[in-house]
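Here's the structure we're looking at; comments come further down.
Every number in this text was worked out from the coordinates using simple rules, so none of it is lab data. What you see is a predicted model, and the numbers here were worked out from it, not measured in a lab. Here the Cβ positions follow ideal geometry from the backbone for every residue, glycine too, while neighbour counts run over all protein chains shown.
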Amino acid sequence: MFSKLLLAGFALCLGLSAAALPHGALSSASAAPAAQQGEPQRNATRRAEWRAAVQLGPVLLVTNKRGKQELRFFGWGSGTIVSRDGLILTNYHVVDVSVLISETRGIPNVKVLENKMVVLITRQTDQPPVATYIADVVDALPNLDLAVLRITSDLSGKEIDPATLNLPFIELGDSDKVEIEDVLRIYGYPGIGGSTITFTRGSVSGFDSEPGVKGRAWIKTDATVAGGNSGGTALNEAGQLVGVPTQAKVPSAKSATDCRRVQDTNGDGEIDYYDTCIPIGGFINALRPVNLAKDLIARASRGQATGQETPKSSAGNVQIVGRIVDADTGKPIPGAVFVILKAGLSWDDFDGDEADVLEAVRTDRRGRFETSPVLERGKTYSVGWGAKGYREVTHDNLKVTADMPDVLETTLKLQRK
């Protein structure tokens, strides 16, 4: 019965309860957001905006012929500074360097540094951005393709006290208040736009849903947003961040971007449903609403990123964070799925009706997954997980108790058929 769910297409879906942050929660009196700096001149406001729209790229440790090590950088994605002390919002695939690590594995003098990104800042719009800082990846939601970084050092590796930074930043808007025909202004560093920052303008053309995501999963736009703009900056007319240009990778977002399964992304030797949907063509035309990232940003601001100790319990719902691995080898299984049925429904009762699925998520390249906090305390749920070539596992009677941690961390195993 679990396979019916896979065929229904819910294996790629993830939800997120995005509680809105209080207005100006990431701002302070000493550094006003770009949209609220008094605007003595229009150009001053615009300058603050494009300085907060940064380019991001991997950090490589290269050993030269003399044995001396030095850092090398290049930009390949975009991001937005969302706090004066150096928090940056971007796409997860922008900070995911696993493919680059694989590609450079045979080069002995090159090491790709994981969880680190170079931050390049535009000083003049007719010049390429300048490598200025190193930032660490502090939290991520791979299934929503969102990630948060924090600036931690200069290019020499010297640590920076965040309190000493006074960076221009973009205030978070409310993406639930965005409506059709609203104007959007988009900054980023698309590959087809040359080496400098690029600005485009358009309007909201609609919205798209996604099973398991409460409310809006996508904002569609008629603005020209090229692929290299991933992770970039989409502002409303007030200069607030309302969306993140994102390459859609889920079936429900086909209307948002053209993507096809054209690569064997899970390495099983076949190109089929279980592979990642790869964007085709030059443009994105879809934004992840910023409200989906607010919990992520708030966690990073408090220093409570995923993987750190989480408070035992609260009155809120429970989420599950974990990995799915091969039972024999312990290796992660990318593209595996984890599914939660609606409360009180058992797997024997499940007939494949998508309306009975509370949430379904897919593992990333490292076998990791993260659900949204949808499990209500005092209720009982059925869960299951599986992957192509493995025996599926289903469990009933997962009771969510009052003293259960807010985040359940687990490692799940699958046995090959």
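A few points about this structure:
- Sorted largest first, extent of region 74-140 alpha carbons per principal axis (Å): 38, 29, 16
- Near the amide H of L184, within less than 5 Å, lie the amide hydrogens of G202, S203, V204, all on another chain or at least 5 residues away, with H placed in the peptide plane.
- Distant-in-sequence amide contacts of E359, defined by a placed amide H-H separation under 5 Å and a gap of 5 or more residues or a different chain, comprise I340.
- Placing a pseudo-label 7 Å from each Cα along the Cα-to-Cβ vector at R302 and S156 gives an inter-label distance of 3.7 nm.
- Within the same chain, aspartates and glutamates fewer than 8 places from K399 are excluded, and of the rest, those with a Cα less than 20 Å from its Cα are D348, D349, D356, E359, E370, E376, E409.
- Sparse-neighbourhood loop sites, chymotrypsin sites (Phe, Trp or Tyr not before Pro) in region 71-123 - DSSP loop, at most 13 other Cβ within 10 angstrom: F74
- Between the amide H of K413 and those of V325, distances stay under 5 Å, these residues lying 5 or more places away or on another chain, with hydrogens modeled in the peptide plane.
- In Hz, Karplus ³J(HN,Hα) per residue of region 76-90 (6.51, -1.76, 1.60; θ = phi - 60°; x = Gly, Pro): 9, x, 10, x, 10, 6, 10, 8, 5, 9, x, 7, 10, 9, 7
- Mean separation of Cα pairs under 8 Å and 6 or more residues apart, divided by the residue count, gives region 34-162 a relative contact order of 23 percent.
- Qualifying trypsin sites (Lys or Arg not before Pro) for region 70-131 [loop in DSSP, other Cβ within 10 Å: at most 15]: R105, R123
- At R0 = 60 Å, FRET efficiency that the Cβ-Cβ distance of A238 and T104 yields, to 0.05: 0.90
- 10 Å binning of all Cα-Cα separations within region 34-162, expressed as whole percents from 0 upward: 12, 39, 33, 12, 3, 0
- Two-site label geometry, V62 and T125: point separation in nm, points 7 Å out along Cα→Cβ: 3.2
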